[in-house]
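FYI, it's all coordinate maths here, none of it is from the lab. What you see is a predicted model, and the numbers here were worked out from it, not measured in a lab. Every residue, glycine as well, gets a Cβ built from its backbone with ideal geometry; the counts of neighbours run over all protein chains shown.
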Amino acid sequence: MTSAREHIEFDVLFVGAGPANLAGAIHLMQLAQKKGLDLDVALIEKGADIGSHALSGAVMNPIALKELMPDYLSAGCPVEATVRGDAFYILTQRSQHRLPIVPRVMKNEGFHVISLSKLVHWLAGIAEEMGVNIFPGFSGAEVLYAEDATTVTGVRTGDKGRDKDGQPKSNFEPGIDILAKVTVLGEGAKGSLVREMNKRLGLFDGRLPQTFETGIKEVIQLPKDNFFSNSPFNDVHTLGYPLGVSTHGGGFIYQMAENRISLGLVVSLGYTDPMMDLYEQFIRFKRHPLVMEMIEGGQVIEQGARTLENGGYYTIPKLAVDGALVVGSAASMQNGPALKGIHTAMKSGMLAAETMIQAFSLGRFTRDALDLYETLFENSWIKQEIYAGRNFAQAVSKKMPAKAIHLALQVLTGGRGLIDKMSIKEDSKTLSPLRAGMDSDSGRPDERQNYDGKLFVDKLTGVYLSKTQHREDQPCHLVVHDPDLCVDRCYSTYGAPCTRFCPGGVYEMDLDEKTRKRRLKVNFSNCLHCKTCEIKDPYENITWTCPEGGDGPGYTVM
Ligand SMILES: Cc1cc2nc3c(=O)[nH]c(=O)nc-3n(C[C@H](O)[C@H](O)[C@H](O)COP(=O)(O)OP(=O)(O)OC[C@H]3O[C@@H](n4cnc5c(N)ncnc54)[C@H](O)[C@@H]3O)c2cc1C
């Protein structure tokens with residue numbers, strides 16, 4: 001049994017194999033080659049394979065990929081389809097109204113429908129060919145600091161082979177300390193290392209609170225003759241049913257290759273109704289007559305969920321600290337109104353690469369050298385794009401008619417609206433308490449009898465279709481800080497909303513028949529790594545940490 005902790009040194013360590021870091025790694029190698037710099041670069045990813053934790057809509061604006069690789073199409077970029085037309089619908093429970101004009105931010109004609117899993121897998125192959133050392137199955141568990149306690153020196157990967165009580169088993173392998181001159185955090189929305197760094201270095205001090213949406217998504221195999229075979233549009237967005245006007249969010253349906261579609265519902269986590277069950281909303285969306293027409297005869301082949309940050313410009317953290325940079329969704333690099341973050345994530349990674357090349361020429365990796373990243377960002381097209389939607393999340397968090405007034409004024413004033421930098425509540429603070437007489441089971445529609453196991457699957461079948469696996473005998477990676485609070489206060493006040501907002505059915509409120517006492521049961525092996533629980537829990541009583549590297553979803557076409 002090895003127990004001594006090893007360490008490896010690199011020039012640059014990227015944490016997370018999303019589009020941000022992969023574009024960053026490729027661009028870094030491109031620039032280093034041009035300058036004749038020989039850099040040792042590593043990238044770690046918590047998924048078992050590159051792409052197995054990647055989930056997106058995903059219509060990609062190719063602007064950043066074109067900058068990175070002008071020949072991306074001939075180089076074999078896995079494009080599913082190119083958008084030939086957009087349709088935007090307002091749904092009511094039984095009917096729909098197609099808008100004559102698609103809102104500008106939702107016009108995707110000419111953009112590509114992709115599978116993010118396939119895209120990052122392809123990008124990783126290119127990065128590897130250029131000399132990047134890629135280590136899937138390794139989670140970054142802890143940020144390492146120099147003696148000054150503020151300079152980031154790398155990341156400790158998670159231990160493997162501990163039992164559920166945290167004791168080392170016979171196959172125990174301690175995590176490795178991966179040291180680097182620069183560490184690039186590209187963990188996606190609600191990064192767990194970024195969260196810890198924020199506690200120490202105040203990355204988000206003075207910013208508006210980051211706010212999030214949860215998206216539940218499926219890839220559905222359709223018959224050869226299907227709605228999209230002869231449709232002039234293959235990019236569909238919806239607003240309205242099932243969320244109504246008070247809760248922000250909407251549906252998307254994108255045509256993929258091989259008669260498949262990507263279908264999902266995104267719901268703002270600023271919602272107020274404690275009884276809201278995100279998975280049930282998703283099923284209702286699929287049962288809408290318009291959507292039913294589009295998915296008729298289909299079969300779900302993959303399902304998953306993930307949060308995305310939508311807070312915008314005023315939630316962007318400090319992008320550089322001594323020894324580290326933050327990129328992509330972890331740094332709020334999202335065009336919220338357009339539901340697009342792949343191209344902005346990629347560009348942020350590329351700007352980080354340009355910054356690092358200059359830092360290597362200077363031989364300095366302190367914040368003053370890495371701050372160039374902030375400057376490059378402020379002068380880039382991503383800043384302009386994200387800045388235009390800077391008050392969007394705040395406006396849609398308001399009730400009608402204030403929401404409509406704010407949005408209209410933002411359209412007229414290039415995003416400024418009535419109040420610039422409007423306040424917004426954290427998602428954990430928006431739930432209303434249960435109304436008198438309600439309990440956790442009140443008003444719960446039982447849709448189970450309608451699950452056919454093919455086109456409509458229940459939560460647990462969905463988890464199965466996400467190919468999620470966690471070794472059972474390991475410490476629970478979902479840390480419930482005070483389990484008594486769940487029973488004593490959360491259950492009576494909010495009806496244990498974790499049992500409804502978790503799309504994987506991780507949380508269950510058990511009732512002991514003998515003692516009549518309730519207990520929160522955490523089925524962590526179902527966890528889809530979406531991080532909704534950490535964001536939405538009204539008492540901030542749940543912390544998401546990385547399980548053993550390699551565990552989690554096994555997406556292939558998401
Ligand atoms: C439902 C949904 C629909 C969307 N639709 C679109 C769309 O149509 N178009 C669009 O452009 N954008 C869309 N987005 C947004 C887009 O997916 C993100 O903006 C983008 O993926 C962010 O890229 P990233 O590299 O920053 O992070 P991610 O893509 O989230 O990648 C982060 C990676 O880091 C890994 N990781 C995290 N923490 C650790 C750790 N501690 N150690 C090791 N590895 C770690 C994760 O496993 C993951 O692989 C959508 C998002 C969602 C959720």
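Quote the charge dipole size of the chain about the Cα centre in Debye, to the nearest 20; the model charges only the Cβ of Lys and Arg (+1) and of Asp and Glu (-1).
1660
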- Take the alpha carbon gyration tensor of the chain, find the square roots of its eigenvalues, order them as a ≥ b ≥ c, and report rounded if a/c is under 1.5; if not, report prolate when a/b exceeds b/c, else oblate. rounded
- Query: With point charges of +1 on the Cβ of Lys and Arg and -1 on the Cβ of Asp and Glu, referenced to the Cα centre of region 490-558, which listed residue (CYS546, ALA496, VAL522) lies farthest in the positive direction of the dipole?
  - Reply: ALA496
- Name the residues whose placed amide hydrogens come within less than 5 Å of the amide hydrogen of LYS160, ignoring near sequence neighbours (fewer than 5 apart) on the same chain. GLU173, GLY175
- Hand me the trypsin sites (Lys or Arg not before Pro) from region 464-550 located in a DSSP loop with no more than 11 other Cβ atoms within 10 Å, in residue order please. LYS514, ARG516, LYS517
- Quick calc: nm separation of the 7 Å Cα→Cβ label points for LYS421 and ALA257 -> 4.7
- Using alpha-carbon pairs under 8 Å, 6+ residues apart, how would you state the relative contact order of the chain in percent? 20
- Do you know the relative contact order of region 435-535, to the nearest whole percent, from alpha carbon pairs under 8 angstrom that are 6+ apart? 28
- Note on the structure: 1/(1 + (r/R0)^6) with r = Cβ-Cβ of ARG364 and ARG5, R0 = 25 Å, i.e. FRET efficiency to nearest 0.05, evaluates to 0.30
- Message: With +1 assigned to the C-beta of every Lys and Arg and -1 to the C-beta of every Asp and Glu, and no other charges, what is the dipole magnitude of region 12-100 about the Cα centre in debye, to the nearest 20?
- Response: 420
- Item | Dipole of region 313-463 [Lys/Arg +1, Asp/Glu -1 at C-beta], most positive-end residue of LEU460, ALA353, ALA324 | LEU460
- Message: Please give the Cα centre distance for region 226-264 versus region 40-66, rounded to the nearest Å.
- Response: 23
- Message: Using a 7 Å offset from the Cα along the Cα-to-Cβ direction at both THR272 and GLU109, what is the distance between the two label points in nm, to one decimal?
- Response: 4.0
- Item | Residues of type aspartates and glutamates that LYS517 reaches as a straight line, Cα spacing below 20 Å, ignoring anything fewer than 8 places off in the same chain | ASP439, ASP441, ASP482, ASP484, ASP488, GLU508
- Quickly estimate the mean residue ellipticity at 222 nm for the chain, helices only: each DSSP H run with n ≥ 4 gives -39500 (n - 2.57), and the total goes over all residues, rounded to 500. -7000 deg cm²/dmol
- Expressed as a whole number of Å, what is the distance separating the alpha-carbon centroids of region 266-316 and region 370-423? 24
- Query: How far apart, in nm, are two points set 7 Å out from the Cα along the Cα-to-Cβ line at GLU67 and at THR493?
  - Reply: 4.5
- Packing-based exposure ordering (other Cβ within 10 Å, fewest first) of LEU362, LEU203: LEU362, LEU203
- Among the listed pairs LYS340/LYS421; LYS459/LYS521; LYS429/LYS521; LYS107/LYS190; LYS199/LYS425; LYS160/LYS347, which are separated by more than 25 Å between their Cα atoms? LYS107/LYS190; LYS160/LYS347
- Message: In the chain, once you exclude exposed GluC sites (Glu not before Pro) (DSSP loop, at most 15 other Cβ within 10 angstrom), what's the longest stretch remaining?
- Response: 297-446
- Task: Find the relative contact order for region 1-67 and round it to a whole percent, using C-alpha pairs within less than 8 Å whose residues are 6+ positions apart.
- Result: 38
- Message: Can you list residues from other chains, or at least 5 along the same chain, whose modelled amide H is less than 5 Å from the amide H of PHE14?
- Response: ALA42, LEU43, ILE44, VAL184
